[in-house]
Structure formats: C-alpha cells, structure tokens
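The values are calculated or read from the model by the stated rules, or taken from the named source; none is laboratory data. Note that the structure is predicted; figures quoted are calculated from it, not measured. Because the Cβ atoms are built from the backbone with ideal geometry, glycine has one as well, and the counts that use them run over all protein chains shown.
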C-alpha cells in the first residue's frame, strides 16, 4: 500500500510530488467538487424531496456524497450503485419528512484519499416546502 501525504505550505494550492520507484505521483490534497442539478422551482410539495448532481475528483475516486438539513449528515446514493469512480452521478433522497418552511440543504464529498469538502466549500440549495 502506498500512502500519500502533503506538507504544510505557505503557497496555496501547491502540489507536492512524491517519488515511488521510477514514477512520480502527485499527492491528492483536494476534495471532489460537486455540481447540483437545478430544480425548476425553489419550492416543493414533497415531504421527501430528491436532489441529484455530479461529483468529480481530479486525482482520486469519489467514495461518498453526503447531505444535511440541520445537524446530521446523511449518505447519498451513487446513480450506478457504487461510489468508485473519478466522475459520479448521485441522488440524495431526503429520509425525514419535512415540516412546512424554508430549508437549506448542504452537500459534501469525499475521495479515496480521505479528502473531505471543507465547510467553506459546501454546495447548498435553498428551497421551500409547502404542503397542499
């Protein structure tokens, strides 16, 4: 098993290269990026709305996408059934029924090198739930 790490650096976005044998491998120090699919409206009448999107990682593989409304992170599902590729489509099905109100849902991603989206880079979507 080869483990990659990063040194602390005063240069933002500096890419460290580690040597293994005759090959050079760049260290993966960045979390995957998330692009959310748009909704036609910012309101829903579904107590359990579904969100979807696309995640990609420059070097590693996407291994998890999570969402939260409130304080608890929940797992999303890979559209192909398994998070194991550099590019992944995903679906997030809200598990708990929503009460009437305004909501902000946050999303984060993790890659196979344990890079998790920083709080300052969470993707989010604001929406309104109104029952009939």
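Scanning segment 68-80 for residues that are within 21 Å of residue 30 (Cα to Cα) and part of a loop (DSSP other than H, G, I, E, B) returns a single hit, 76.
I'd like the residue in segment 94-123 that is more than 20 Å from residue 28 (Cα to Cα) and surrounded by 14 or more Cβ atoms within 10 Å (Cβ to Cβ) and, out of all such residues, is nearest to the chain's Cα centre (by Cα). Among those residues, the one meeting the criterion is 107.
So that you can scan it fast, the table gives a plain yes or no per residue for (1) in a loop (DSSP other than H, G, I, E, B); (2) under 30 Å from residue 130 (Cβ atoms); (3) at pLDDT below 85; (4) in contact with a strand residue (DSSP E or B) (Cβ under 8 Å, 6 or more places away or on another chain):
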| site | (1), (2), (3), (4) |
| --- | --- |
| 3 | yes, no, yes, no |
| 15 | yes, no, yes, yes |
| 41 | yes, yes, yes, no |
| 51 | no, yes, no, yes |
| 63 | no, no, no, yes |
| 66 | no, yes, no, yes |
| 82 | yes, no, no, no |
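Scanning segment 17-27 for residues that are touching a strand residue (DSSP E or B) at 6+ places or on another chain (Cβ under 8 Å) and modelled with pLDDT of 50 or more, we see that the one that is farthest from residue 97 (Cα to Cα) is 24. Counting only residues that are without any contact (Cβ under 8 Å) to a residue 24 or more places away in the chain and in contact with a strand residue (DSSP E or B) (Cβ under 6 Å, 6 or more places away or on another chain), how many does segment 28-39 have? Count: 1.
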